[in-house]
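The next block holds one structure in the form of structure tokens; read it before the comments.
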Amino acid sequence: MFGLALLVVVAALGKGVMQSRAAAPPQLRDHYEWTEAGLAGHALYRSLGCHNCHRALGVGEIGHAPVLDGTGTRRTRDWLKRYFENPLQLVPGSAHDGHLGPDFRALAADERRLLAEFLFGLKAGPASPNYPRPPGAAVSGADMRRSEWAATR
């Protein structure tokens with residue numbers, strides 16, 4: 001009799017644990033929405049050497065230039081197209097004036113469109129560190145430490 005009662009209790013506990021795990025699906029991190037134009041844009045991104053300064057798809061340098069993962073969540077396709085047409089107009093002081101990075105204005109219109117499609121396909125979910133945070137939103141402890149450190153420099 002005691003064995004049967006113990007079996008029922010263990011089964012009930014197991015069911016509760018399984019239901020609590022199933023109740024909260026994992027939150028989405030970085031993901032990629034591929035189109036043919038986006039894939040061609042990725043090939044162009046690699047051939048231009050953008051990965052030497054930027055990080056995208058989890059590959060490339062960190063610290064030299066912005067991480068591009070999540071760009072398609074933070075920016076609209078139209079904004080990206082306008083940026084590639086004239087980076088300095090949208091981001092004054094951009095390195096893409098031909099001195100540090102390629103001057104996007106010198107690229108063919110189709111090349112600029114392909115790069116915009118590639119970046120628009122780089123999405124970030126709420127669990128990603130690349131997910132956009134609204135102004136005034138709480139920041140993590142690591143972000144706070146970085147900003148405090150930067151303030152001392």
Could you tell me whether the range 74-90 includes any residue that is touching a helix residue (DSSP H, G or I) at 6+ places or on another chain (Cβ under 8 Å) and at positive phi?
no
Take the residues of the range 1-33 that are out of contact with any Ser or Thr (no Cβ under 7 Å at 6 or more places or on another chain) and surrounded by 13 or more Cβ atoms within 10 Å (Cβ to Cβ): which is modelled with the highest pLDDT?
TYR32
Can you say whether LYS81 is assigned to a strand (DSSP E or B) and in contact (Cβ under 8 Å) with a residue 12 or more places away in the chain, as far as the supplied structure shows?
no
Considering only residues of the range 84-110 that are charged (D, E, K, R) and outside any loop (DSSP other than H, G, I, E, B), which is modelled with the lowest pLDDT?
ARG105
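The values are calculated or read from the model by the stated rules, or taken from the named source; none is laboratory data. On a predicted model such as this, the values are computed, not experimentally measured, just so you know. Don't worry about glycine lacking a Cβ; one is built from the backbone with ideal geometry, like all the others, and counts go over all protein chains shown.
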